[in-house]
1. Can you tell me which residue in the stretch 76-92 is farthest from the ligand (Cβ to nearest atom), limited to those that are in contact with a helix residue (DSSP H, G or I) (Cβ under 8 Å, 6 or more places away or on another chain) and among the charged types (D, E, K, R)?
2. When you scan the stretch 320-328, do you find a residue that is within 30 Å of SER197 (Cβ to Cβ), within 16 Å of the ligand (Cβ to nearest atom) and open to solvent by 70 Å² or more (accessible area, probe 1.4 Å), even just one?
3. Considering only the stretch 377-394, state which residues are of a type in the set (Ser, Thr, Tyr) and open to solvent by 10 Å² or more (accessible area, probe 1.4 Å).
4. Any idea how many residues of the stretch 156-171 are closer than 12 Å to ASP266 by Cα and open to solvent by 10 Å² or more (accessible area, probe 1.4 Å)?
5. With the requirement that a residue be farther than 17 Å from ILE44 by Cβ and free of Cβ contacts under 8 Å to residues at least 60 places away in the same chain, what does the stretch 67-91 give you?
6. Report whether or not LYS16 is under 23 Å from LYS95 (Cβ atoms) and basic (Lys, Arg).
7. Residue check: is GLU118 within 15 Å of the ligand (Cβ to nearest atom), modelled with pLDDT of 95 or more and part of a helix (DSSP H, G or I)?
8. What single numbered condition from (1) within 38 Å of the chain's Cα centre (by Cα); (2) surrounded by fewer than 12 Cβ atoms within 10 Å (Cβ to Cβ); (3) modelled with pLDDT of 95 or more fails to hold for LYS410?
Amino acid sequence: MAKKMWGGRFKKAIDKGFFEFQKSIQYDYRLAEYDIYHSIIHVIALKEAKIISSAEATKLVSALNAIFKEINEGKLKPDLSAEDIHTFIQNRVEKKVGSIASKLHTLRSRNDQVAFDEKWYCYKEGVSILALLNILSLSLNSLSKKYKDCFLPGYTHTQRAQVVSFVDYIGAFFYMFERDFDRLDNFVKSLSIYVGSGALAGSAIPKKAYDEALRKFLEKTRAEFKYTKSEIVKNPLDNVSSRDFVVEFLSILSILQMHLSRIAEDFILYSTTEFNFFDLPEEFCTGSSLMPHKKNPDFLELVRGYTGRIYGNLTSLLTTMKGLPLTYNRDMQLDKEPLFSSVEIITQELKIMAQFIKEIKLNHDSIGHALEDESLYATELVEFLVYKGVPFSEAHAIIGKLVRHAQDKKKKIKSLSDAQLKHFHKELNHRMINKIMNPKYAVISKKSPASLKQSSSVKSLKKKTR
Ligand code: ARG
């Protein structure tokens, strides 16, 4: 049984059921690395403040470094009888250096540690997710390049609307992910880590000692903390009691998840027999135990389904934090499972999605067939008449009638004779109709600044990665 970090004023031992209920080691072991950083900074500060000797500091730091190594090499499993990660590391240091370990926690509080640990976790995971977003953008880029000359029917209200280029279609998702990238990038750059809050009121260790400790420690980790401010705590009450940085991270991940869910939904829809535009990579689909013909898009469905979990994680923390009195309250321990859950789900989704997208194949026959739907070009016919000087609403009505006429007579507009077309408007003729009712023409005729048709593929986010 691991030793507790408190207990002097208690006569009774903690109830077993309650101990299990309140402990967090089973999930906060993920913070081990950062908790060791906090301890090393703290030991240096204690030495600078002459609270412990240099020899004691050296012993403590080398024990902490050794534990760090054990964890990194996967040799150290968390002791589930410890209350939390802070207690576990304290116990482990004691195992290594004996009674000097009792000086490690001098004038320190777990409230300070946990805020520090979580910030560093958010920073590190945020940077990893940025790299994954970059890989995803490379996949989108490769798919759009492969099919750079292709077109798709574009939809509004899930009804056929106008023809779009495949590059623009993929580009729409690219820009969603680019904004996610920028949001996350700003977030990781805004994170500041603080030390010295004590439990809530600060500590008796002088600022000079913390300054020196942070400087010395961060010298070694400068590469990692390139973008992150490290400061002495501005307000200890705020530092131990605020989790808005976790809420912000979960919000950014929720928006990213919304985009993943939307791309998943589009691919599900476009791979149905009814659309049959995309052929999905078999290695990311599953079969049915009953129906032998099935190839189900389970990866995409799970991505769409996990949206509930990711939004729930955000809602869970917002609700936990609402109405908490200052400062630290144990409720806040419950911020970790939502945080870890969202980070881990999004990480897996991004990794698989990047591989998935690269392997999507376009079904030219079905797409070609869909592009023969003449109603997709009705707007281009209106545009043509407008350029011939016909007022827009008049042109709109004329082409509306033409489309309706063809439908009623079960005829193709393209098959109507010049005389029949002239009946709708004098500027309409067979040659012009054939020129306009063509995917390439439809896309090229768009000249507004929002049009991306000039590019033959979507960009990549590479330039932005650290
Ligand atoms: N495990 C706690 C948490 O994650 C940190 C410990 C603070 N506990 C305390 N009793 N002050 O929030």
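The values are calculated or read from the model by the stated rules, or taken from the named source; none is laboratory data. None of these values were measured; they are calculated from a predicted model. Cβ sites come from the backbone with ideal geometry, for glycine too, and all protein chains shown count toward neighbours. Areas reflect the complete protein model, heavy atoms only, side chains present, ligands, DNA and RNA absent. Shrake-Rupley method; radii C 1.70, N 1.55, O 1.52, S 1.80 Å.
1. ARG92
2. Within the stretch 320-328, the subset within 30 Å of SER197 (Cβ to Cβ) is 320-328.
Of the ones still in play, those that are also within 16 Å of the ligand (Cβ to nearest atom) are 320-321, 324-328.
Filter once more, keeping what is open to solvent by 70 Å² or more (accessible area, probe 1.4 Å): 325-326.
Yes, because at least one residue in the stretch 320-328 is within 30 Å of SER197 (Cβ to Cβ), within 16 Å of the ligand (Cβ to nearest atom) and open to solvent by 70 Å² or more (accessible area, probe 1.4 Å).
3. Result: THR379, TYR387, SER393.
4. Going through the stretch 156-171 one residue at a time, the tally reaches 2.
5. LYS69, GLU70, ILE71, ASN72, GLU73, GLY74, LYS75, LEU76, LYS77, PRO78, LEU80
6. Values: under 23 Å from LYS95 (Cβ atoms): no; basic (Lys, Arg): yes.
In short, no.
7. Working: within 15 Å of the ligand (Cβ to nearest atom): yes; modelled with pLDDT of 95 or more: yes; part of a helix (DSSP H, G or I): yes.
In short, yes.
8. All conditions are met except number (1).
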